[in-house]
1. Of the residues that make up the range 171-180, is at least one surrounded by fewer than 16 Cβ atoms within 10 Å (Cβ to Cβ) and free of Cβ contacts under 8 Å to residues at least 40 places away in the same chain?
2. Within the group GLU190, GLU195, which residue is more than 16 Å from MET139 (Cα to Cα) and of a type outside the set (Lys, Arg)?
3. Given the conditions (1) over 20 Å from ASP250 (Cα atoms); (2) assigned to a helix (DSSP H, G or I), which single one is not true for GLU187?
4. For the range 257-266, name all the residues that are modelled with pLDDT of 95 or more and either exposed (fewer than 13 other Cβ atoms within 10 Å of the Cβ) or in contact with a Lys or Arg (Cβ under 6 Å, 6 or more places away or on another chain) (or both).
5. Could you list, in sequence order, the residues of the range 190-211 that are over 18 Å from LYS149 (Cβ atoms), buried (at least 18 other Cβ atoms within 10 Å of the Cβ) and hydrophobic (A, V, I, L, M, F, W, C)?
6. Looking at THR166 and the list (1) assigned to a strand (DSSP E or B); (2) farther than 21 Å from VAL114 by Cα; (3) of a type in the set (Ser, Thr, Tyr), which single condition is not satisfied?
7. Going by the conditions given, is TRP254 out of contact with any Asp or Glu (no Cβ under 9 Å at 6 or more places or on another chain) and surrounded by 20 or more Cβ atoms within 10 Å (Cβ to Cβ)?
8. Within the range 212-238, work out how many residues are within 15 Å of MET139 (Cβ to Cβ), surrounded by fewer than 22 Cβ atoms within 10 Å (Cβ to Cβ) and out of contact with any Ser or Thr (no Cβ under 8 Å at 6 or more places or on another chain).
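The values are calculated or read from the model by the stated rules, or taken from the named source; none is laboratory data. Please read all numbers here as calculations on a predicted model, not as lab measurements. Note: ideal-geometry Cβ built from the backbone for every residue, glycine included; neighbour counts use all protein chains shown.
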Amino acid sequence: MKKFLVVLKSFILSRITIIFFAATTCLFAFLIVICYFNHSHFLEILRLICRTIVLIFDTIAILILLIDRRITNSTSDTKKTLHDHGVKIDEPANEAIPTAKVEVQSLLVSVGTVAVAATKKPFVAKDNFVVNTEESAPMKISYLGKNFKEWFLKKTEAPFAGSTLTYGKLSHFSIDGPIIKELGGDEKAETTLTELFGLMEVQRNGKKGSLLTNGYANIFYVKDSSGVLRAVDVHWYDDGWGVGAVTVTDPDGWGGDDQVFFRDSR
């Protein structure tokens, strides 16, 4: 019965277009006749045809509604009958929407480690960070940034027993916040001026080593003379090292392939 009703509904719906086209054609033909003869009898016939067409379409709509209701009831009755006879009906399960697997790329690509020699005397920043590009200079420094001079030249660090720093390149652009977070926070990201200068001493003339000498930044997180953590960057220019400093909230950030030095306690 259900199959018959579905077929009947499809048949009626497929014929609606034909019925509508035929009715429209008849109306159009009668309009032409009325306009030509201008006779009142034709107007009455037109009104009768319009009422008939409306009645036909109303009847079709009611018939389709009744068929839909009968199909629904038939389906419900079938399910109820099967359930009453102990037949389990497996409802279609909702298919899980596939989700794309997002891989979070690490900010730092490990490069290696480097040992920093121990010192026996305090490190006085103003005595070591001096602009001098002469061949005889103990350290070729071509530039000291305004922030660096203001924040760090008053600092003195105690002697230390040496250390091993890890360094890695940034895989993509980042500001300091996410970098420090990946390193494990301020305390784990912090290095010292003594370590920074110790690495510069090994490459005092710009030779190749752990510090980049190709124009990219070498980044160290160091506390200034007031105990505030800053981002210190060291670049090699043609005639010496350039040293600058920015706040760790600076929006400019660092580019991919810039290098970060830290203590690997992550």
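1. Here is the first cut: in the range 171-180, the residues surrounded by fewer than 16 Cβ atoms within 10 Å (Cβ to Cβ) are 171-173, 175, 177-178.
From what is left, the residues that are free of Cβ contacts under 8 Å to residues at least 40 places away in the same chain are none.
So far as the range 171-180 goes, no, none of its residues is surrounded by fewer than 16 Cβ atoms within 10 Å (Cβ to Cβ) and free of Cβ contacts under 8 Å to residues at least 40 places away in the same chain.
2. Numbers: GLU195 fails: more than 16 Å from MET139 (Cα to Cα).
Of GLU190, GLU195, the one residue that is more than 16 Å from MET139 (Cα to Cα) and of a type outside the set (Lys, Arg) is GLU190.
3. (1)
4. Residue satisfying the conditions is GLN259 alone.
5. If the condition is that a residue be over 18 Å from LYS149 (Cβ atoms), buried (at least 18 other Cβ atoms within 10 Å of the Cβ) and hydrophobic (A, V, I, L, M, F, W, C), then LEU199, LEU211 are the ones that fit.
6. The single condition THR166 does not satisfy is (2).
7. Numbers: out of contact with any Asp or Glu (no Cβ under 9 Å at 6 or more places or on another chain): no; surrounded by 20 or more Cβ atoms within 10 Å (Cβ to Cβ): yes.
Here the answer is no, as TRP254 does not meet what is asked.
8. So the answer is 2.
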